[in-house]
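The values are calculated or read from the model by the stated rules, or taken from the named source; none is laboratory data. Note that the structure is a prediction, hence the values are computed from the model and not measured. When we count neighbours, we look across all protein chains shown, and the Cβ atoms used for this are built from the backbone with ideal geometry, even at glycine. Ligands, DNA and RNA are excluded from the accessible area calculation, which covers all protein heavy atoms including side chains. Shrake-Rupley method; radii C 1.70, N 1.55, O 1.52, S 1.80 Å.
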Amino acid sequence: MKKEYQKMIVITAPSGAGKTSITRHLMRVFPQLAFSISAATRKPRSNEKNGIDYYFISVEEFQKKILNEEFVEWEMVYEGKYYGTLKSELRRMWNNEQVPVLDIDVQGAIHVQKEYPVNSLFIFIKPPSIDELKRRLESRGSESAESIQTRVSKAAYELSFVNQFSHVIENKDFETACKEAEQIVKDFINN
Ligand code: 5GP
């Protein structure tokens, strides 16, 4: 396997900062990128499909995979809800000579940064403010008031890790943020 295909891109941000939209944009622009589908134990949202957005599995199955060391990283992102990046997923993409893109939470990204310090690109997407983040989560309409509150509290904590990332993009204006991300990714995959 050629070394350049061992590259990976990790996009992280507090929930609601827009990282999934920016990730989707990057996937459209760069055909060599492939979205790393995580395993998760939360319930699918109405627009989500198993094997496309996530591999939705039970807590028991997830815990079995932890014991079998099938994850690159995993986190209990929210109380009782596990999310994790599967080694098999990255292997599959590298075998296809694609660059995996991980859309994961901040603790997961820090974990991957320790495990894969070489050949990986880490981008932190920053919301303009916590208030704006709350507004975006509310307008998404997919979360309960309680879930929004949990995500907002967690976001404030996650923002405190911003200094650990060399590439930080403030998502004030979506198009500008996408252009910035494009340039960073372009430089990374061409090197
Ligand atoms: P959501 O429930 O909104 O899809 O995702 C919640 C959070 O979990 C997001 O920040 C998302 O990026 C993160 N996440 C998704 N997959 C993984 C993963 O495999 N590992 C980690 N650590 N976080 C993940």
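Across the stretch 157-174, the qualifying residues are those that are free of Cβ contacts under 8 Å to residues at least 40 places away in the same chain and either within 15 Å of the ligand (Cβ to nearest atom) or among the small types (Gly, Ala, Ser) (or both), and the one among them that is surrounded by the fewest Cβ atoms within 10 Å (Cβ to Cβ) is SER160.
Can we say LYS19 is exposed (fewer than 15 other Cβ atoms within 10 Å of the Cβ) and within 12 Å of the ligand (Cβ to nearest atom)? Considered against the rule, which asks whether it is exposed (fewer than 15 other Cβ atoms within 10 Å of the Cβ) and within 12 Å of the ligand (Cβ to nearest atom), LYS19 comes out as no.
In the set SER129, SER88, only one residue is surrounded by fewer than 19 Cβ atoms within 10 Å (Cβ to Cβ), closer than 20 Å to THR20 by Cβ and among the small types (Gly, Ala, Ser); that residue is SER129. When only residues in the stretch 94-106 that are part of a helix (DSSP H, G or I) and surrounded by fewer than 20 Cβ atoms within 10 Å (Cβ to Cβ) count, which is farthest from the ligand (Cβ to nearest atom)? In this case the residue turns out to be ASN95.
Only a single item in (1) in a loop (DSSP other than H, G, I, E, B); (2) in contact with a helix residue (DSSP H, G or I) (Cβ under 7 Å, 6 or more places away or on another chain); (3) more than 9 Å from the ligand (Cβ to nearest atom) is not met by GLU143, and it is number (3). Summed over the stretch 49-77, the residues that are out of contact with any Gly (no Cβ under 8 Å at 6 or more places or on another chain), surrounded by fewer than 16 Cβ atoms within 10 Å (Cβ to Cβ) and at negative phi give a count of 11.
Within the group PHE71, PHE122, PHE30, which residue is of a type in the set (Phe, Trp, Tyr) and within 12 Å of the ligand (Cβ to nearest atom)? Only one candidate qualifies: PHE71.
In the stretch 79-94, the residues that are hydrophobic (A, V, I, L, M, F, W, C) form Cβ pairs under 8 Å with partners that are open to solvent by 30 Å² or more (accessible area, probe 1.4 Å), at six or more places apart or across chains, as follows: LEU86/TYR55; LEU86/LYS65; LEU86/GLU70; TRP94/MET1; TRP94/TYR5; TRP94/GLN6. Of the residues making up the stretch 22-48, just one is open to solvent by 20 Å² or more (accessible area, probe 1.4 Å), closer than 21 Å to ARG91 by Cα and polar (S, T, N, Q), namely GLN32.
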